[in-house]
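Only one structure is covered here, and it is reproduced in the block below.
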Amino acid sequence: MIDARDDNGELPVEPSEHEFASALSILNADGDQPKLLVPAVVGTRPEAIKMLPVILAMKQSELVEPIVVSTGQHHHMVEEIFEEAEIGTHVHLWAGADRASLTERVSTVMRRFNDFLLEWFGPRPSDDDVAGEILAGRYPAAVLVHGDTSSAMSAALAAFHMRIPVMHVEAGLRTGGSILSPFPEELNRQVITCIATMHFAPTFTNLENLVRENVPVGQIFVTGNTGIDALRWAAGLQTPFVDDSVQALVDDPSKRIVVVTAHRRENWGEGLKSIAEGVGRLADRFEDVHFVVPLHPNPRVREELGTPLASRTNVLLTEPLEYTSFARLLGRCDLVITDSGGIQEEAPSLNKPVLVMRDSTERGEGVDAGTLLLVGTDPTQIEDEAAKLLSDPAAYAAVAGATNPYGDGFAAERIVSAMEFLLTGKSPPVPFGSGFNRREIGAASGLHLREYLERVTGDESTSSEHAELDAREQFASGSWPP
């Protein structure tokens with residue numbers, strides 16, 4: 001285990017105390033008011049991806065200054081992502097020991113994040129003085145955490161103990177089942193909900209989840225998902241691939257590509273073995289399709305998923321891709337098979353069908369919208385659903401053409417605007433989405449709104465028959481999949 005403490009057991013401060021004193025004096029563009037300091041905590045690669053646009057938006061703000069804190073859970077992958085965006089990490093907690101138990105990781109992040117807060121800012125000022133210290137830029141206005149990782153939960157709890165407000169990005173996701181699935185993420189996100197004072201919910205469904213748990217609706221703001229913001233940024237970079245084999249596939253427009261990712265803890269063991277069997281069957285059945293499998297660094301995942309697939313010539317096992325490279329691969333592929341949470345939101349924004357290898361998902365909006373299909377880890381179901389999408393142009397078009405319910409690329413701007421509104425009371429931001437659900441209203445009214453719209457407008461472009469005909473014409477002409 002790499003320990004950041006010196007011989008006296010103290011956590012070293014990065015940057016130095018002198019540099020930090022200078023940082024505290026950062027002024028806004030008018031030179032009148034110190035910026036309010038907000039530590040933004042990142043532990044894993046997905047957190048870095050989704051916090052990246054928020055950090056960039058905070059850096060452009062005249063009122064808020066981010067302090068980027070890396071817990072070290074996925075140290076190298078986080079640094080790679082931040083380097084692409086020229087984001088510097090201010091503090092490293094080095095809590096990322098490979099073989100650390102969850103309890104060890106949680107306790108280490110809590111202790112070291114607490115040490116960082118004390119060493120940089122000192123004990124919490126008195127109730128009479130705390131507002132003045134925050135406005136003077138000498139004490140954190142809030143701590144920003146993301147999602148459902150153990151790093152996020154630990155930092156949120158440590159901030160709560162210091163009585164620093166916690167703001168939660170990607171709040172309100174729920175599977176609706178046991179707190180053991182996904183493990184430990186489902187419990188982590190619920191714990192953060194209990195702690196947070198501001199909840200940035202990606203969708204109105206997430207807002208509903210929070211309201212059901214008695215979170216006051218006035219503490220929730222619907223933003224869309226920051227992962228879509230990040231994807232828009234990354235997709236335009238056209239980052240070259242380190243793996244020449246992946247580069248060759250992407251550069252050849254005649255190749256059909258399926259991207260497969262699997263790593264979630266609840267799938268370890270029989271789940272990953274079943275996933276490997278299902279993907280193997282597909283590879284044998286569709287010899288002209290190439291399956292790209294970026295392998296998670298975890299040795300168990302590599303053994304259970306990678307080893308059974310290694311002998312197939314149309315399966316390409318590769319190292320984890322940098323985020324910008326992976327975004328490019330998503331844009332080029334034809335189908336995604338995954339147990340990842342973030343990819344369930346990202347791939348549909350690029351019109352890619354997604355098969356979700358989990359029994360339940362906290363992203364139910366995608367299932368309702370038709371952008372996601374739940375297949376679990378049963379190899380037969382994985383094979384059958386993927387084969388249908390790879391063989392049937394109408395089925396492919398129905399999923400690929402569904403509207404992504406997760407965001408429009410401006411979630412980070414909404415989050416920072418909401419933070420600025422909290423501070424100034426001026427110019428409230430507009431939430432993402434319409435604020436109501438057409439499908440639910442239609443069901444309650446006994447109407448099929450798509451067919452109703454066609455009758456009112458005479459526009460058949462939304463009809464399933466039209467979509468099927470269009471897809472079959474593309475298939476016949478050789479232009480399908482897109």
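Cβ separations smaller than 6 Å between residues 6+ apart or across chains give the following pairs from region 224-235 residues that are under 17 Å from His146 (Cα atoms) to residues that are among the charged types (D, E, K, R) and not in a helix (DSSP H, G or I): Gly224/Asp408.
Screening His296 against (1) in contact (Cβ under 8 Å) with a residue 40 or more places away in the chain; (2) touching a Pro at 6+ places or on another chain (Cβ under 7 Å); (3) not basic (Lys, Arg) leaves a single unmet condition, (1).
Give the residues of region 164-186 that are within 17 Å of the chain's Cα centre (by Cα) and not charged (D, E, K, R), sorted by residue number.
Met167, His168, Val169, Ala171, Gly172, Leu173, Thr175, Pro182, Phe183, Pro184
Looking only at region 167-214, count how many residues are crowded, with 24+ Cβ neighbours inside 10 Å, under 19 Å from Leu422 (Cα atoms) and aliphatic (A, V, I, L, M). Matching residues across region 167-214 total 5.
Among the conditions (1) farther than 28 Å from Arg414 by Cβ; (2) in contact with a Lys or Arg (Cβ under 8 Å, 6 or more places away or on another chain), Pro123 misses just one, which is (2). Only one entry in Val91, Val38 is under 30 Å from Asp408 (Cβ atoms) and either outside the structural domain of Ser154 (by TED's automatic domain parsing) or not acidic (Asp, Glu) (or both), namely Val38. From the list Met58, Met1, Met51, the lone residue that is part of a loop (DSSP other than H, G, I, E, B) and either under 26 Å from the mean Cα position of the chain (by Cα) or modelled with pLDDT under 85 (or both) is Met1. Does Val250 meet the test of being crowded, with 23+ Cβ neighbours inside 10 Å and either modelled with pLDDT of 90 or more or in the same structural domain as Phe200 (by TED's automatic domain parsing) (or both)? For Val250, the condition - crowded, with 23+ Cβ neighbours inside 10 Å and either modelled with pLDDT of 90 or more or in the same structural domain as Phe200 (by TED's automatic domain parsing) (or both) - is not met. For the residues Arg124, Arg112, Arg99, the requirement of being in contact (Cβ under 8 Å) with a residue 12 or more places away in the chain, farther than 30 Å from Leu231 by Cβ, surrounded by fewer than 20 Cβ atoms within 10 Å (Cβ to Cβ) and out of contact with any His (no Cβ under 9 Å at 6 or more places or on another chain) singles out Arg124. Out of curiosity, is Phe160 at pLDDT 95 or above and not in a strand (DSSP E or B)? Judged against the criteria, Phe160 is a match. When you go through (1) more than 24 Å from Thr205 (Cβ to Cβ); (2) of a type in the set (A, V, I, L, M); (3) assigned to a loop (DSSP other than H, G, I, E, B) one by one for Val430, which number turns out not to apply? (1) is the only condition that Val430 fails.
The values are calculated or read from the model by the stated rules, or taken from the named source; none is laboratory data. What you see is a predicted model; the values in this text were computed from it and never measured. All Cβ positions, glycine included, derive from the backbone under ideal geometry; neighbour counts span all protein chains shown.
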